[in-house]
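Peer 1: Would you mind keeping the following structure in view while I ask a few things?
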Amino acid sequence: MENVEIARVLNEYTDLLDIQGENPFRVRSYCNAAQTVAGLSQPVAQLIEAEEDLRKLPGIGSSMAAHLKEILETGTLSGLEEVRRALPPTLTELVQLQHLGPKRARQLYDALGITSVSELAAAINTGKAEALPGFGKKSAGNLRRALEEFERRTKRFLLADADQLVQPLLRYLRQAPGIIELEVAGSYRPGRRRWATSTSWRPVRTPNPSCSTSSRTGTLSAWRWRVRRAARSSYGRG
């Protein structure tokens with residue numbers, strides 16, 4: 001599990017706790033931990049394997065260190081699963097919108113049952129959102145623009161985040177029999193831009209395309225197609 005994935009779990013927990021009205025200091029502790037993990041140059045999994053003291057990291061105490069180990073072992077947090085049972089996890093989409101904090105997200109959920117950006121868009125278009133106390137036409141207009149920006153943003157990936165997922169996959173795929181060189185195609189260009197959109201995989205300098213790479217994948221050409229298909233599924237369309 002890569003650091004970006006661990007940080008994603010912590011950020012989701014942060015947002016849901018905030019929407020739930022949890023103690024601000026507790027919310028901030030998970031937010032700080034997510035920022036620390038996302039900024040590490042070395043994977044947390046390697047630090048734990050090397051028996052490094054995670055408490056030396058900024059914002060990581062004994063409890064948070066135990067949480068990081070739990071995420072690595074289970075892919076989630078027991079506390080997060082508990083909050084997910086109380087609140088729809090898609091509510092975290094709402095707090096990513098500009099002009100919409102956790103209190104307003106909770107207000108939309110309690111008053112209109114809105115749990116996602118698509119439901120919010122529908123409520124704005126029908127005038128239900130602006131009829132709520134504290135919203136109005138100006139707020140509805142701001143949220144409409146925020147939704148448009150959110151849609152554009154979700155089609156892109158920070159290269160720093162994408163790189164954490166791409167590089168381990170590249171190392172694994174390069175070990176496959178018959179692959180001489182493998183590179184990433186699409187807009188993924190480390191060092192050239194900040195954002196990446198959809199990504200595909202392109203094996204190059206391959207030997208005879210009729211050779212078999214494994215009993216599971218059959219010919220090299222079939223294996224190449226499957227890799228590209230999996231990459232589009234993982235990194236989105238567009």
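Taken together, the values in this text are just the output of simple stated rules run on the coordinates, not laboratory data. Note that the coordinates shown come from a computational prediction; the quantities given were computed from them, not determined experimentally. Cβ: placed from backbone, ideal geometry, glycine included. Neighbour counts: every protein chain shown.
Peer 1: Can you tell me which of (1) exposed (fewer than 13 other Cβ atoms within 10 Å of the Cβ); (2) closer than 15 Å to Phe150 by Cβ is the one Ser78 doesn't meet?
Peer 2: For Ser78, the failing item is (2).
Peer 1: Within the range 1-76, considering only helices (runs of 4 or more DSSP H) that don't extend past its boundaries, which have at least 3 residues that are within 20 Å of Gly101 (Cβ to Cβ), of a type outside the set (Val, Ile, Thr) and free of Cβ contacts under 8 Å to residues at least 40 places away in the same chain?
Peer 2: 24-38
Peer 1: Let me ask another. Output the number of residues of the range 112-134 satisfying the condition of being closer than 27 Å to Arg28 by Cα and more than 22 Å from the chain's Cα centre (by Cα).
Peer 2: The qualifying residues number 2.
Peer 1: Continuing with this model, one more query. Which pairs have Cβ atoms under 8 Å, sit 6 or more apart or on different chains, and link a residue in the range 117-128 that is over 13 Å from Leu97 (Cβ atoms) to one that is of a type in the set (D, E, K, R)?
Peer 2: Going by the 8 Å Cβ cut-off, there are no qualifying pairs.
Peer 1: On the basis of being more than 18 Å from the chain's Cα centre (by Cα), part of a helix (DSSP H, G or I) and under 26 Å from Arg8 (Cβ atoms), does Glu151 make the cut?
Peer 2: Against the criterion (more than 18 Å from the chain's Cα centre (by Cα), part of a helix (DSSP H, G or I) and under 26 Å from Arg8 (Cβ atoms)), Glu151 does not qualify.
Peer 1: Could you please find all residues in the range 114-131 being surrounded by 13 or more Cβ atoms within 10 Å (Cβ to Cβ) and assigned to a loop (DSSP other than H, G, I, E, B)?
Peer 2: Matches in the range 114-131: Ile114, Thr115, Ser116, Lys128, Ala129, Glu130, Ala131.
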